Amino acid sequence: ADFDAKKKRKVAEIYQALNSDPINVATLRRMAISEGGLLTDEIRCKVWPKLLSVNTDDLPPLPARKELREDNKDYQQVLLDVRRSLRRFPPGMPDDQREGLQEELIDIILHVLQRNPQLHYYQGYHDIVVTFLLVVGDRLATALVEKLSTHHLRDFMDSTMDNTKHILNYLMPIIDQVNPEVHDFMQSAEVGTIFALSWLITWFGHVLSDFRHVVRLYDFFLACHPLMPIYFAAVIVLHREQEVLDCECDMASVHHLLSQIPQDLPYESLISKAGDLFVQFPPSELAKEAAQAAQAERTAASTFKDFELASVQQRPDTVLRQRFRERLRGEERLQGEERTKSILTKPRTNRFVKLAVMGLTVALGAAALAMVKSALEWAPKFQLQIFP
């Protein structure tokens, strides 16, 4: 009963904020973040546009389906992804209804891409769009997704993965601030951050099976800074501290553990923790560490050779050890024995391998997700690992 009373109060407060003139967006943000989020889809239809400052009185009409799909360079890829998205629709939904929604989903995506030629489709984008479609319907979803794509999701929609990698580079500095032990363990395991890639670029829509949890997170992310999803990713890792530390300290084991996201997370406490961390360690303060990680990636610039080795399904750490040995041989020739000794002192060695790992995990992720119609036959195998 207490919960119901609280809920009633919250609904009243939301409507009061919506009806005030001008609309009280600050209160709506607070409601979206606070416990339970926006509570119902009916409320979301009214509040989500306000959080994205989208004018709902003036929605553009949807273009004709046939025109949208003719000669559209993304159509085939979008079609494939949407066909694979069965599990994103409510279980028990009649097939014809679901198929109708899938057609609408394709239209929304193509419409946004057509109107914004600077945006590039990426795999996982449809996971975000379907969430909006199911909550607010196709016309409003189109307007909200367009706004989101030119703002919050803009970095994921570049022609390269560079900005996405840059956002992933914030993950380890956040973990380091809160729990250096977990951070150091993950560094020693050389796990990289690719396990969080699909979380980030789908706003967790791809990895959480309960739709209620997905929309609760969307309330939160829409009300916050665009980097909030990476703070939430960090909080999930920190929440699993014990499991991580009990894991074998190697790349494969830690990556496997972390990429399987538990479905029974305590969402409300994680959301408030992510909010707290954002306030304590704002992106501006973490920017330096994130930039150092980026610098490290450039040092370990990945060559096509890495891709070839990866293509024969070698474990990335094998690739790295080989690259490290080659680098040592090169340096030996250049500067003789002294140089080698100094490199082989422990911190230096670890740093080399660590830098190389970052470069490689990111390279593999980028290759698996890049929308290049290339002849890298191994890409599909990698996609399966990133998008289980």
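Starting with the highest mean, order 273-282, 133-142 by the number of other Cβ atoms within 10 Å, averaged over the residues of each peptide.
133-142, 273-282
Rounded to whole Å and sorted largest first, list the principal axis extents of the Cα atoms in the range 208-284.
Dimensions of the range 208-284 along the principal axes of its Cα atoms: 38, 32, 18 Å.
Pairs on different chains or at least eight residues apart, Cα atoms closer than 22 Å: how many lysine pairs in the range 3-120 fit?
7
Once neighbouring chains are kept in place and the probe is 1.4 Å, which whole percent of the accessible area of the range 160-313 is contributed by carbon and sulfur?
Using a 1.4 Å probe with all protein chains present, the range 160-313 comes out at 54 percent carbon and sulfur.
Full-extension gain between Thr160 and Glu241, please, as 0.36 nm times their residue separation minus the C-alpha to C-alpha distance.
25.9 nm
Taking just the C-alpha trace of the range 160-313, give me its Rg and Dmax in Å.
In Å, with Rg to one decimal and Dmax whole: 15.5, 45.
Separation between the Asn55 and Glu99 pseudo-spin-labels, each 7 Å from Cα along Cα→Cβ, expressed in nm?
Calculated label separation equals 4.0 nm.
Just want to confirm a number: the relative contact order over the range 1-155, from Cα pairs under 8 angstrom separated by 6+ residues, in percent. Write out the running numbers ahead of the final one.
Numbers: 108 pairs, mean separation 37.5, N = 155.
Here the relative contact order equals 24 percent.
What whole-number value in Å² describes the accessible area per residue of the range 160-313 for a 1.4 Å probe?
For the range 160-313, the solvent-accessible area averages 40 Å² per residue.
Using a 1.4 Å probe over the heavy atoms of the protein chains, calculate the carbon and sulfur portion of the accessible area of the range 1-155 as a whole percent.
Using a 1.4 Å probe with all protein chains present, the range 1-155 comes out at 51 percent carbon and sulfur.
The values are calculated or read from the model by the stated rules, or taken from the named source; none is laboratory data. All values derive from a computational prediction rather than experimental measurement. Every residue, glycine among them, receives a Cβ derived from its backbone with ideal geometry; neighbour counts consider all protein chains shown. SASA here: full protein model, heavy atoms, side chains in, ligands and nucleic acids out. Shrake-Rupley method; radii C 1.70, N 1.55, O 1.52, S 1.80 Å.
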